[in-house]
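Visitor: Below is the structure I would like to discuss, written out as structure tokens.
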Amino acid sequence: MSDSEMDEDVVPSEAEGQDGVQEGHAEEDKPEECPLTKETIAQGLSLLCRTGNGLAHAFVKLNLKDKGLTDMAAICNFVHLRFLDASNNHLTDLSPLASLNQLLWLKLDNNSLTSLKGQPLDGLPYLQWLSVAVNKLKDLAGLGGPALESLNLIGNNIHKVSGLNYGRLTNLVTLELRGNRLETTDGIYLPNLRRLYLAQNAIKRLEGLERLERLTTLHLRDNQLESLDGISPNMRSLQYLNVRGNGIANPNTLRNLVPVSSALQTLVLSENPLAETEDYRLSVLDHLPRLKQLDKDRVSSEEKEEAEERIQALQEEEMRSSEDLQ
């Protein structure tokens, strides 16, 4: 994804294709029982491939989207499935998925899942991409998987990052928690994580980020941050930081970014009180002279030169003050 796309706050590619994910289920009465049938399965099957032993063929992709399903018991015999879209149904029980050991990709958006604890998701050995957006999850218990690389939990009711099986999420590189109810970043102890999307929560505190040494993208737009305290010097891989639409007013909070400035290329600070101050861009560059892009605009060579002159003048003034004291 290019810097310009990121500045427009385009939903990241791992979370694309949610098809109405923002709306979620409207409050409604208990849905009418609608079990999965073999006929429905037959209509949704596609992508004929060789089976694991190479001696036979089977359909490995199944589309069950928008079927009004309340259970999937009939799916348990289709053990060769690798791609399953069961979004926009009324599912609460995922136990029939336990036998689908070949699954690589699973989409469960817009269902009625209240918890994943006791569900079989953390036992699927090859699952790489999982989306459980716009359900009713309150925590992350039951989420794991040794092969899982991308996890999308947009639009649930998660108040705190707790219950993650960290020992079984060592390959997770993308975590999408946009539109939940988080008040802190604490609990995201995933040292191999590269991309973390936390926009549209109620985050007031940056905590527990010191383990995210490989993180390259941190997206915190539309939260309640008033400072950048909590950005850890350990986050030396951070290239893109978006804190647009928060309450950051004090320019001194930019000092928290100096330890990560060697990697940081793009900073989005617009719609903060700080962005309305005089010499805003230059004051940012005083702390982050290597920055390549601030908000939607590239840092110009003229701005870099002026920032360097300001930094040099400040250093000379500090030296003179030190000599006077001696």
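None of the figures in this text is laboratory data; all of them are computed from the coordinates on show. Here the structure is a predicted model, which is why all the values come from computation and not from measurement. Reconstructed Cβ throughout: ideal geometry from the backbone, glycine too, with neighbour counts over all protein chains shown.
Visitor: Consider a paramagnetic label point 7 Å from the Cα of R205 along Cα→Cβ; state which residues of segment 153-181 have an amide N under 16 Å from it.
Guide: Only 159-162 fall inside the zone, counting backbone N under 16 Å.
Visitor: At a Förster radius of 41 Å, what calculated FRET efficiency corresponds to the Cβ-Cβ distance of E309 and S237, to the nearest 0.05? Intermediate values should be presented prior to the final figure.
Guide: On the way: r = 30 Å, r/R0 = 0.73.
Efficiency computed from Cβ-Cβ geometry: 0.85.
Visitor: Mind checking the dipole of segment 182-326: about its Cα centre, +1 per Lys or Arg Cβ, -1 per Asp or Glu Cβ, Debye to the nearest 20? Intermediate values should be presented prior to the final figure.
Guide: Details: 18 positive and 26 negative charges, 218 e Å.
Result for segment 182-326 is approximately 1040 debye, rounded to the nearest 20.
Visitor: Among 115-123, 85-93, how do they line up by average Cβ neighbours within 10 Å per residue, starting with the highest? Present the calculation step by step, with values, prior to reporting the outcome.
Guide: Numbers: 115-123: 16.9, 85-93: 20.7.
Packing order, densest peptide first, comes out as 85-93, 115-123.
Visitor: For segment 182-326, state what percent of all Cα-Cα pairs lands in each successive 5 Å bin, counting from 0 Å until the bin that includes the largest distance.
Guide: Going out from 0 Å in 5 Å bins, segment 182-326 shows 2, 10, 18, 22, 19, 12, 8, 5, 3, 1, 0 percent.
Visitor: Note down the nm distance, to one decimal, between modelled labels 7 Å out along Cα→Cβ at T37 and at K296.
Guide: Result for the modelled spin labels: 5.2 nm.
Visitor: In whole Hz, with x marking every Gly and Pro, tabulate ³J(HN,Hα) for segment 194-207 from phi via Karplus 6.51 cos²θ - 1.76 cosθ + 1.60, θ = phi - 60°.
Guide: 10, 10, 10, 10, 10, 5, 6, 10, 10, 6, 10, 9, 9, 9
Visitor: To the nearest 20 Debye, how big is the dipole of the chain about its Cα centre, given +1 on the beta carbon of each Lys and Arg and -1 on that of each Asp and Glu?
Guide: Values: 33 positive and 50 negative charges, 383 e Å.
Using only the charged Cβ atoms, the result is roughly 1840 debye.
Visitor: Can you compute the charge dipole magnitude of segment 34-110 about its Cα centre, using +1 on each Lys and Arg Cβ and -1 on each Asp and Glu Cβ, nothing else charged? Give it in debye, rounded to the nearest 20.
Guide: 300 debye
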